[in-house]
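Shown next, in structure tokens, is the structure this report addresses.
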């Protein structure tokens, strides 16, 4: 089997198109739905915990599905899991269109969590299967670049469609087109990549196959059980635990952007297209900059980019309620997006660096479990902070402090994982 982006360019581009469509699927729920929660779906003004219910549901479901997807992918293959994820998403546009209450939106978001857990995990795992270790940062950077550009594009487009066609009709037609196209392409164009992963395991078994071996965790069996993998990632290996907690806390930012940014801006008189552009600045900056930061980490390392990314992203969040006007809000969104671009692909790349290829899909799945559980835990936290403080701004301070503290834990417990910069002895 041949490894590398160039020799597998056709499949690499197909997988990038898949993750673009994955991002557009979640992006269609991140502007219109929360902004119109009160007027369109009956959420009472000031009901902070009810407002975040759909993000809480998404986080816990997506986190669980990431955990399951990694194990499923090692048994039934990447393509089948990807296709299953798209089939689950097919009813989402109809549920939002016919919604008579907020509970319909929450249920649609549960299906969205299943979809995202299965599809986004598989696009990343599949590309890591057939690319080289020295391309890992670039691969994940491109993967997340495509996905979050999709999120940003969908936020802008659905804002205009909602203004032109009405919120329900706009989301129905946009969602049906994106999910339908993705399902068709997953069925017809995506190849199974599990054979590449198995071939890499065989190569690792050959003595002297690599000159620079990563610092794999010690005392892990060749085919670890689910319980053994969960313990390893969550607390037994301090580096993995540091990466998992950082992944979880950085999702507090995304929960805030999803649940409260549109509401915060809508209450200050910004219209739906304007909200789409401000939220889009966050997504576009995140997507575009990580195109470079993923590659940069292949040369300079992951650890400092990850730690500083946590702190810069938290600073961007803190700036949002400290000023007013579209220029100020867009600037704070760009700073938060820049910090997220520094850390987001490189946390995943660090996990992939020190995960053995025989259990890499499971390691990525468990990391993504903890990371996306951050949607649920973060949404509960920011909802509680806003309720206790009596205002939306309290949620911004909660997230900013959490990012600062988590970055400090990552800096202290983590280490450089790139095998060229910190190889095993």
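Derivation of every value follows stated rules applied to the coordinates shown; laboratory data play no part. What you are looking at is a predicted structure, and each value in this text was computed from that prediction instead of being measured. Glycine also receives a Cβ, built like all others from the backbone with ideal geometry; neighbour counts cover every protein chain displayed.
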Based on alpha-carbon centroids, what's the gap between the stretch 41-86 and the stretch 363-379 in Å, whole number please? 10
Highest to lowest packing among 25-36, 233-244, scored as the average C-beta count within 10 Å: 25-36, 233-244
With each label point set 7 Å from Cα along the Cα-Cβ vector, what nm distance links residue 213 and residue 184? 4.9
With a ≥ b ≥ c the root eigenvalues of the C-alpha gyration tensor of the stretch 19-63, is it rounded (a/c under 1.5), prolate (a/b larger than b/c) or oblate? oblate
Row for the stretch 89-228, column shape: gyration tensor on C-alpha, a ≥ b ≥ c, rounded if a/c < 1.5 i.e. under 1.5, prolate if a/b over b/c, else oblate; value prolate
Helix-only mean residue ellipticity at 222 nm for the chain, each DSSP H run of n ≥ 4 adding -39500 (n - 2.57), per residue, nearest 500: -25500 deg cm²/dmol
Against the longest principal axis of the chain, how steep is helix 326-353, in degrees 0 to 90 to the nearest 10, with axes from Cα atoms? 20
Label-point gap, in nm, between residue 228 and residue 425 - each point 7 angstrom along Cα→Cβ: 2.5
Normalised by the residues of the chain, what does the relative contact order come to in percent, with Cα pairs under 8 Å and at least six apart? 27
I'd like the per residue volume of the convex hull spanned by the Cα atoms of the stretch 1-96, given in cubic angstrom. 123
Indicate the gyration tensor shape class of the chain (rounded, prolate or oblate), computed on the Cα atoms with a ≥ b ≥ c the square roots of the eigenvalues: a/c under 1.5 is rounded; otherwise a/b larger than b/c is prolate and the rest oblate. prolate
Just to confirm my numbers, what's the Cα centroid distance between the stretch 306-359 and the stretch 394-425 in Å? 11
Put in order of increasing Cβ neighbours within 10 Å, starting from the fewest, 330, 221 give 221, 330
Taking only Cα atoms and a 10 Å spring cutoff, compute GNM fluctuations for the chain and point out the largest among 122, 331, 24. 331
